[in-house]
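The values are calculated or read from the model by the stated rules, or taken from the named source; none is laboratory data. Because the structure is a prediction, the values reported are computed rather than measured. Backbone-built Cβ (ideal geometry, glycine too); neighbour counts: all protein chains shown. With ligands, DNA and RNA removed, areas are computed over all heavy atoms of the protein, side chains included. Shrake-Rupley method; radii C 1.70, N 1.55, O 1.52, S 1.80 Å.
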Amino acid sequence: MKTAITTTKIINKAKKLDAAAFDKWLTKKDVNYDWLDVTLTDMNDGYYNIVLEDDTNICFVNGKYIND
């Protein structure tokens, strides 16, 4: 499913949320992404690394956004 949300908006949201809340937000907004590395039992434990449709990589470590 395509989304009208820009990559910039997605990244800005990632900066405001922890990894688990960000994953829920992506799902709610129907944003297409693929997991590269994630602990499914607790997304705030270890790495949460995804790639968006435009190949933008978003990474969290222990729940904190680290792309900056």
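Taking the chain on its own, what percent of its Cα-Cα pair distances exceed 15 Å?
In whole percent, the long-distance tail amounts to 44.
What nm distance separates the two modelled labels at residue 17 and residue 66, each placed 7 Å from Cα along Cα→Cβ?
With each label point 7 Å from Cα toward Cβ, the separation is 2.0 nm.
Taking the Cα atoms only, what angle lies between the long axis of helix 19-28 and the longest principal axis of the chain, rounded to 10 degrees?
The angle comes out at about 30 degrees.
I'd like the antiparallel share, as a percent to the nearest 5, of DSSP beta bridges with both residues in the chain.
100
State in Å² the accessible area per residue of segment 1-65; use a 1.4 Å probe, count heavy atoms of protein chains only, and round to the nearest integer.
For segment 1-65, the per-residue accessible area is 63 Å².
Quote to one decimal, in nm, the extra length available between residue 55 and residue 9 on full extension: 0.36 nm per residue of separation minus the C-alpha distance between them.
15.0 nm
Restricting to DSSP H runs of at least four residues, report the calculated mean residue ellipticity at 222 nm for the chain, -39500 (n - 2.57) per run over all residues, nearest 500 deg cm²/dmol.
For the chain, the value works out to -8500 deg cm²/dmol.
Please give the solvent-accessible surface of residue 35 in Å², to the nearest 10, using a probe radius of 1.4 Å with every protein chain present.
120
With all protein chains present, how much of the accessible area of the chain (probe radius 1.4 Å) comes from carbon and sulfur, to the nearest whole percent?
Here it works out to 49 percent.
Taking the chain as the reference, fit the longest principal axis to its C-alpha atoms, fit the long axis of helix 7-16 to the helix C-alpha atoms, and give the angle between the two in degrees, 0 to 90, nearest 10.
The angle comes out at about 30 degrees.
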